[in-house]
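The values are calculated or read from the model by the stated rules, or taken from the named source; none is laboratory data. From a predicted model like this one, the values you see are computed outputs, not experimental measurements. All Cβ positions, glycine included, derive from the backbone under ideal geometry; neighbour counts span all protein chains shown.
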């Protein structure tokens, strides 16, 4: 199977704009979640804001893309490079503004694929441009699709990832109506967990065929292995109680990666801090893994960035593989479940990691990552 490696990464979240800055904050167990009130008609809420006010999707993605290009020592134009950039909500904020009477001046920037279009224009590509939408599993879907473009021989290099400008009045009101929002902070897998905290941001990875990366002496953070992508087809928002589809996603990912269960040394959990998700993930892990695999989650630091969260989780997995260092589970103090949660940074030999993402509509995505050369 063609080896697909990651040679550059860009990451923007409430934790900051640089990959290394955010990594260090995660290792220190810091959180960027703070109470804010960006919309006066809505009450204050804990949020993962990148700046004082909510950001524009295209701006977040352009920043993350530029950082990834610099990291990989590449520059536009990149005419043969593919683009797979997703977002679960796209430019929803602009449509909400339009509904309140603000005119739309550039209709292209309001399409569901606006984020992918912005990145494609940024690098001046003439290659394939895809814009997947799979709820909160979007980021991992995008990475898996980009890797397949390389494996099928359509591209030698693909920019992949996702962005989300999720902090809007409609999004906040919707999650509030579902009673899913936290009132003080995000505490994944904790006894005091009370719901999710909305965050915003973007993560972009540069994937390359291994031979192409070697030809330009580009070091790799790690490799993209196999993906498991399934759907529950049961409920619009709640995970299935049987865990069958989630289990298939895990085992399909491992099978396509050629990995035994024992090879997994880290799981980056979806870890939303909601009652249903955390219990669901715990059941999946307990049913799948005979060994106490270390578990981390980062939404307690960044907030839940919805479609972008899987791409951010991928960055964390690749950094862990690159540094051979496992980051702690942000926001966890008193575990509510019997799992091997990371409570502090842990240096350890790490050969493979899994990233989990689960989304509304029963979307299940599991992606395996391997150590770089």
- Task: Scan the range 47-54 and give yes if some residue there is crowded, with 21+ Cβ neighbours inside 10 Å, in contact with a helix residue (DSSP H, G or I) (Cβ under 6 Å, 6 or more places away or on another chain) and in a helix (DSSP H, G or I), otherwise no.
- Result: no
- Query: What is the residue count in the range 210-222 for residues that are buried (at least 20 other Cβ atoms within 10 Å of the Cβ) and either assigned to a loop (DSSP other than H, G, I, E, B) or at pLDDT below 95 (or both)?
  - Reply: 2
- Message: Among (1) modelled with pLDDT of 95 or more; (2) crowded, with 24+ Cβ neighbours inside 10 Å, there is one condition residue 225 misses while meeting the rest; what is its number?
- Response: (2)
- Among (1) more than 24 Å from residue 7 (Cα to Cα); (2) touching a strand residue (DSSP E or B) at 6+ places or on another chain (Cβ under 8 Å); (3) part of a helix (DSSP H, G or I), where does residue 94 come up short? (2)
- Query: Which of the residues belonging to the range 128-170 are assigned to a helix (DSSP H, G or I) and out of contact with any helix residue (DSSP H, G or I) (no Cβ under 7 Å at 6 or more places or on another chain)?
  - Reply: 141, 144, 145, 146, 147, 148, 149, 150, 151
- Does residue 79 satisfy being within 25 Å of residue 168 (Cβ to Cβ) and not assigned by TED's automatic domain parsing to the domain that holds residue 354? no
- Message: Checking the condition more than 22 Å from residue 180 (Cα to Cα), in a helix (DSSP H, G or I) and in contact (Cβ under 8 Å) with a residue 40 or more places away in the chain, which residue from 119, 84 passes?
- Response: 119
- Note on the structure: Exactly one of 78, 42, 57 is in contact with a strand residue (DSSP E or B) (Cβ under 9 Å, 6 or more places away or on another chain), surrounded by fewer than 21 Cβ atoms within 10 Å (Cβ to Cβ), over 19 Å from residue 21 (Cα atoms) and touching a residue at least 24 places away in the same chain (Cβ under 8 Å), and that residue is 78
